[in-house]
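> Before I ask anything, here is the structure I am working with.
The values are calculated or read from the model by the stated rules, or taken from the named source; none is laboratory data. These numbers come from a predicted model, not from an experiment. All Cβ positions, even for glycine, are placed from backbone atoms using ideal geometry, and neighbour counts span all protein chains on display. Side chains are part of the model used for accessible areas, which takes the heavy atoms of the whole protein and leaves out ligands, DNA and RNA. Shrake-Rupley method; radii C 1.70, N 1.55, O 1.52, S 1.80 Å.
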Amino acid sequence: MSNDIKPNSYRQVAAELRDRIASGRLGPGEKLPAERDLSATFKVSRVTVRRALRILEEERLLRRIQGSGAYVSSQPHRRIPLRIDYTGAMEEHAPKLSRQVLTFEWREAGNETANQLSVPLKRKLCYVERCDSLSGKAVAFDRAWIIPEFARKLKRDDCGQVAFIETWTKREKFSVTSCSQTVDAVAAGPELAKLFGLPPKSPLLQSTEIYYAGKVPAGLFISFYNPEYISITARFSWPEVKE
């Protein structure tokens, strides 16, 4: 049984250390106290401390050196590591993220959208535009096209949930069985540049995801991320080789 105060106390520890780095109380290159000291300070287990440090390392605020300890990065600039599990990434690294629904309507599918979702041209789809912000700064924007069979009961407020996939599948009573993702670097057009507060043609990360219910496409999501705040990451574990 863990001695942690709360199940999510590692997020609280990460948030406190993050604030100390942002405020300069922990300066660039400064070594953090040892895990046992942090454990005593925050009244949590060392496992919780390690998990909090891993979060900040993934955000590029810390670097850990084997046998030496954890140090503040020489140029600490927070970047949220984004996985295909967007909700999980935000819950862990940006729990204060807010989402605004900009558009919620039915639109005809154009050529590219129809091809990606394997639907007839001009078929009416549920169309959504959303913007995610952190501390008042837009960090992500997405456009979604959802097949009518998976949008019969969907409401505008549902689309404003950061945990949208869970909300969506519960509302429509289906299960997502797989998701394909393609990541590209693109130049920001005038509208996106204005939204993100960037010069036109600034680089953005674009993620195109198609969610499937069985073998049937349920929805297409095209998301744009400000690379100053979000980085797309992946992790792969090599299978153990048995001799």
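> Can we say Asp184 is surrounded by fewer than 15 Cβ atoms within 10 Å (Cβ to Cβ) and farther than 24 Å from Ile230 by Cβ?
no
> I'd like the full set of residues that are part of a loop (DSSP other than H, G, I, E, B) and in contact with a helix residue (DSSP H, G or I) (Cβ under 8 Å, 6 or more places away or on another chain), limited to region 56-105.
Glu59, Leu61, Pro76, Arg78, Arg83, Pro95, Leu97
> Of all residues in region 86-127, count the ones that are small (Gly, Ala, Ser) and open to solvent by 20 Å² or more (accessible area, probe 1.4 Å).
Going through region 86-127 one residue at a time, the tally reaches 3.
> Oh, and also: Pick from Phe221, Phe236: which is at pLDDT 95 or above and either hydrophobic (A, V, I, L, M, F, W, C) or touching a Lys or Arg at 6+ places or on another chain (Cβ under 6 Å) (or both)?
Sole residue among the options that is at pLDDT 95 or above and either hydrophobic (A, V, I, L, M, F, W, C) or touching a Lys or Arg at 6+ places or on another chain (Cβ under 6 Å) (or both): Phe221.
> Taking only pairs six or more apart or across chains, which ones have beta-carbon atoms under 6 Å, a first residue in region 49-67 that is touching a residue at least 60 places away in the same chain (Cβ under 8 Å), and a second residue that is part of a strand (DSSP E or B)?
Glu58/Pro81
> All but one of (1) touching a strand residue (DSSP E or B) at 6+ places or on another chain (Cβ under 6 Å); (2) surrounded by 15 or more Cβ atoms within 10 Å (Cβ to Cβ) hold for Arg156; state the number of the condition that does not hold.
(2)
> Give the residues of region 160-176 that are surrounded by 14 or more Cβ atoms within 10 Å (Cβ to Cβ) and either closer than 13 Å to Val216 by Cβ or without any contact (Cβ under 8 Å) to a residue 60 or more places away in the chain (or both), sorted by residue number.
Thr167, Trp168, Thr169, Arg171, Glu172, Phe174, Val176
> Test Ser73 against the stated conditions and say whether it is in contact with an Asp or Glu (Cβ under 6 Å, 6 or more places away or on another chain) and either touching a residue at least 12 places away in the same chain (Cβ under 8 Å) or open to solvent by 90 Å² or more (accessible area, probe 1.4 Å) (or both).
Taking the combined requirement at face value, the residue does not satisfy it.
> Give the residues of region 193-227 that are among the β-branched types (Val, Ile, Thr) and more than 18 Å from the chain's Cα centre (by Cα), sorted by residue number.
We begin by selecting, within region 193-227, every residue among the β-branched types (Val, Ile, Thr); these are 208, 210, 216, 222.
Once the filter is applied, which keeps residues that are among the β-branched types (Val, Ile, Thr) and more than 18 Å from the chain's Cα centre (by Cα), region 193-227 yields only Val216.
> Residue check: is Pro33 open to solvent by 40 Å² or more (accessible area, probe 1.4 Å) and not in a helix (DSSP H, G or I)? Explain how you work it out, then say what you get.
Details: open to solvent by 40 Å² or more (accessible area, probe 1.4 Å): yes; not in a helix (DSSP H, G or I): yes.
Yes, satisfied.
> Next question, about the same structure. (1) under 28 Å from Ser178 (Cβ atoms); (2) touching a strand residue (DSSP E or B) at 6+ places or on another chain (Cβ under 8 Å): which one isn't true of Leu26, the others all being true?
So Leu26 meets the others, but not (1).
> Of the conditions (1) open to solvent by 60 Å² or more (accessible area, probe 1.4 Å); (2) under 23 Å from the mean Cα position of the chain (by Cα); (3) more than 14 Å from Tyr212 (Cα to Cα), Ala138 fails just one. Which one is it?
Of (1) open to solvent by 60 Å² or more (accessible area, probe 1.4 Å); (2) under 23 Å from the mean Cα position of the chain (by Cα); (3) more than 14 Å from Tyr212 (Cα to Cα), only one is false for Ala138: (1).
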